[in-house]
Every structure is written in C-alpha cells, then in structure tokens.
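Below: one structure, written as structure tokens.
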Amino acid sequence: MDTLIEAARIAGLPLHIAGATTSQSNKHREVVWRGLLDASALSEFYRGARLVVTPSRWNEAFGLVPAEAMMHGVPVIASRIGALPELVEHGVTGLLFEAGNVAALANCITTLWNDPARCTQMGLVARERMLALCSASSYCDRVLAVYERAAAYRPFRQSM
C-alpha cells in the first residue's frame, strides 16, 4: 500500500482506498479511506472511479479486484506480477508496471488520469474481455466443451 500512497502523492492526485486494512493512518491527507464496502457500495465505488490500481507485490493466482473493476468498465493499473498480466493487457485494458516501482506507478496513474477518453476506451474493452472470460454463460460453455472433449476421448489400448 505504501507504493500506491507514494505514487498518488507524486502524481498529485487524491486516492480513495476501499477494503479492510490496518493502515488507515491519518498522516496521509491525500488518502480517503472508504473501509470495507458492501456489494452495493462497492459497485458505486467502481462506477465513480476513472481507474483502479492493484499495486500487488505478491504472485497473485487471480486478481479479484482487477476483475471486478474491469467488469464495471474501469481500466486497471496493475503490477506486472503473478496472474495480473493475464487479466490486464498493457495499453489495451489498462497499464502494467514493475511491482514496487513508485515512479513507474506514478507515471501510469498520471498517464491515464490525464486522458479520460483513453480510460473510457480501455474500460469498455476491459468489460468485454471480462464478460468473455468470466460471465456465467462463457463459463458454462467452457465447462461443456471440456465434458465434450472428455466424452469423446478414446484412450489407446494395447492388445494382449
């Protein structure tokens, strides 16, 4: 979280943080701590965001926050680590930066913040990608395809 807070300070932009955290220090005046949000408030949070940042330093297996943001049509700036680059396509659905690199993150934030039209376009593409990947119908289609391949499988049998 320190990487994100410092990057927002460098960019000179306010930062709104949602979620449970123990870091709600008042020493960062540019940070608005939203706390843990219920589903309705979280949807409103995403609808009001121009972009969402996931500055993870961990090898995430799947990024729920970027996926939710993208489903809401919001572009994502994410660390180039773990599975995050599989969700966020640099320059298409958001931007990627090297984990922990404050200057690179500040640059990404400034770049997107100063180009609302690009944010809108990236957000539209992000939503389409997430619908193709995560919607119930696409999930069911992929599961059925696996079952069809499994049912058609004829293992090689050696004759005795």
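List pairs: first residue in the stretch 56-72 and without any contact (Cβ under 8 Å) to a residue 40 or more places away in the chain, second residue in a helix (DSSP H, G or I) anywhere in the structure, Cβ distance under 7 angstrom, at least six positions apart or on different chains. Pairs that qualify, where the first residue is without any contact (Cβ under 8 Å) to a residue 40 or more places away in the chain and the partner is in a helix (DSSP H, G or I), are Glu60/Leu84; Gly63/Leu84; Gly63/Leu87; Pro66/Leu84; Pro66/Leu87; Glu68/Tyr46.
Please work out which residue is nearest to Ser135 (Cα to Cα), limiting yourself to the stretch 68-83 and to residues that are within 8 Å of the chain's Cα centre (by Cα) and open to solvent by less than 10 Å² (accessible area, probe 1.4 Å). Selected residue: Met70.
Considering the stretch 47-67 alone, what residues qualify as being among the hydrophobic types (A, V, I, L, M, F, W, C), under 22 Å from Pro14 (Cβ atoms) and open to solvent by less than 40 Å² (accessible area, probe 1.4 Å)? Spell out how you get there, then give the answer.
Pass one, the stretch 47-67, residues among the hydrophobic types (A, V, I, L, M, F, W, C): 49, 51-53, 58, 61-62, 64-65, 67.
Checking which are under 22 Å from Pro14 (Cβ atoms) leaves us with 49, 51-53, 65.
Result: Ala49, Leu51, Val52, Val53.
The requirement of being part of a helix (DSSP H, G or I), closer than 23 Å to Gly73 by Cβ and among the small types (Gly, Ala, Ser) is fulfilled somewhere in the stretch 137-148, by at least one residue.
Working only within the stretch 84-98, note down all residues that are small (Gly, Ala, Ser) and either touching a Gly at 6+ places or on another chain (Cβ under 7 Å) or surrounded by fewer than 20 Cβ atoms within 10 Å (Cβ to Cβ) (or both).
So the first thing to find is which residues in the stretch 84-98 are small (Gly, Ala, Ser), and the list is 91, 94.
Answer for the stretch 84-98, where residues must be small (Gly, Ala, Ser) and either touching a Gly at 6+ places or on another chain (Cβ under 7 Å) or surrounded by fewer than 20 Cβ atoms within 10 Å (Cβ to Cβ) (or both): just Gly91.
Quick one: is Thr120 in a helix (DSSP H, G or I) and under 18 Å from Ala7 (Cα atoms)? Even if it seems obvious, please write down each step before you answer.
Details: in a helix (DSSP H, G or I): yes; under 18 Å from Ala7 (Cα atoms): no.
So Thr120 does not fit the description; no.
Screening the stretch 115-160 for residues that are open to solvent by 100 Å² or more (accessible area, probe 1.4 Å) and of a type in the set (S, T, N, Q) and picking the one that is farthest from Ala69 (Cα to Cα) gives Ser159.
Does Ala20 count as modelled with pLDDT of 90 or more, surrounded by fewer than 12 Cβ atoms within 10 Å (Cβ to Cβ) and among the aliphatic types (A, V, I, L, M)?
Details: modelled with pLDDT of 90 or more: no; surrounded by fewer than 12 Cβ atoms within 10 Å (Cβ to Cβ): yes; among the aliphatic types (A, V, I, L, M): yes.
No.
What about Glu86, is it within 13 Å of the chain's Cα centre (by Cα), without any contact (Cβ under 8 Å) to a residue 24 or more places away in the chain and under 30 Å from Ala136 (Cβ atoms)? The answer is yes for Glu86.
The residue list Leu13, Leu105, Leu112 contains one member that is part of a helix (DSSP H, G or I), closer than 19 Å to Asp2 by Cβ and open to solvent by less than 50 Å² (accessible area, probe 1.4 Å), which is Leu105.
The values are calculated or read from the model by the stated rules, or taken from the named source; none is laboratory data. Computed from a prediction, not measured in an experiment: that's the story for all the values here. In this analysis, Cβ positions are derived from the backbone assuming ideal geometry, glycine residues included, and neighbour counts consider all displayed protein chains. Accessible surface areas use protein heavy atoms only, side chains included; no ligands, DNA or RNA. Shrake-Rupley method; radii C 1.70, N 1.55, O 1.52, S 1.80 Å.
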